[in-house]
Each structure stands twice: as structure tokens, then as C-alpha cells.
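Structure, as C-alpha cells:
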Amino acid sequence: MKNLLKSDKIKIRFFGLYLLSLILLFLSWFIGYYFLPEGLLSGRTALSSLARDSAASSMILEFFKIFILNILAFSVIIAGNYILRVKYFAFGYLVPLAWIILYGLTLGTNSFAIPVAEKLAPSWRVFLRSGPYEMMAAVLLAVATDQIAINKSESFFQKSETVAKSKRAKLKGRNWLAVIISILILAAAALREAYMIFEF
């Protein structure tokens, strides 16, 4: 995993971080389903509070609501990457990892803003939902912008040092392409989620 995240190639770092995310997803989902009460996280996270417990009046409005809320979370990823990088680990990586854990717990405890009929047991069928693809978009954004830190440190226990402006990395064409792809994936996932809400 370490070697994957240290790679110079965006697609390799993406694979490493997304693989770690999927492991955390199923682990937290298992814990939520088997050990935690239903509805435990309902209304207790920032995004779920903003989403409220009812759908918008139309699928298009619901799509924009979901998309904008996720874009807000995306901005936190960029802010984290900008603030600090510890060796090969950008601070923004923590956002999709925390997000995926919350998503797993939400699945396991049925803590959605609009709950489903019953708790969902861990299953590969989660890939029919929009969540894993929202996470995929978040991970891709994180690895595409992980070089922009203005502060760096050799470990989490050492004081960070400011990176001189002349040495700060700038996003290249492949980085911008990955950012655009991540936003397109997010938009498709948001549309899928809005469709599922109104179809079912």
C-alpha cells in the first residue's frame, strides 16, 4: 500500500487509495450492520443535516442538491492537500477515508437521510448504488491534487516546514484531466442517486 501511494503516477496512487477505501468500507459496514443500532448516525453528520430527511420536489433538483453537497466535501479535500503533506501522504487523503468509513457505518445502520426499508447486509451489490462511485471521485480528486501542499513534514510527529513558493508543485495537464474526470464521475453518481430516490 505504501509503495502504491508513493508512486509518481496518478493512476497507481488512485488504485492504492481506493483499495484502502474499499477495505475500510466493508470493515465499517460489517461493524455497523452486526454491532450498532439502526439509525445511529441519522442527522448526526454535517452532510446528512444539510441533506435533510426529505427529497427535493423533482429529480433534477435532487441531483443538484446531492452534487452541490458533495462538491462542498470536495473542497475540504483540496484544503487538506493544500495545508499539509507528510512524506507521501497528503492531508486531503484523510477526507475520503473518513467519508468511506462514515458511508460504511451509514449502510450498516441504515442512517441515510431518507432511510431504506431495513439495514443493508454487507454485499457486493453496494456497487449498484452511487456511494462507491462518489468515493471513487473523491479519491481521484485527492490523488490528483496531492502535490499542492504549502507545508511539508517528514512524519506526523515532526513540525511541518513551509514550502518555498519557488518549490511548490503546480498542477500539470494530467492532474487537471484527473480533476475533470473526478467531477464527471461525481455528477454521474449524483444523478444515479437522485434517480434511485425517485424511482424507488
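Values in this text are rule-based calculations from the coordinates and carry no lab data. Quantities reported herein were computed from a predicted structural model and do not represent experimental measurements. Methodologically, a virtual Cβ is constructed for each residue, glycine included, from the backbone with ideal geometry; neighbour enumeration extends over all protein chains shown.
Observations
- C-alpha long axis of helix 10-35 to longest principal axis of the chain, angle in °: 40 degrees
- Packing-based exposure ordering (other Cβ within 10 Å, fewest first) of TRP29, TRP176: TRP176, TRP29
- Cross-link pairs beyond the 19 Å C-alpha cut-off, checked among LYS11/LYS172; LYS9/LYS159; LYS2/LYS170: LYS9/LYS159; LYS2/LYS170
- With the convex hull drawn around the C-alpha atoms of region 2-199, the volume per residue stands at 127 Å³.
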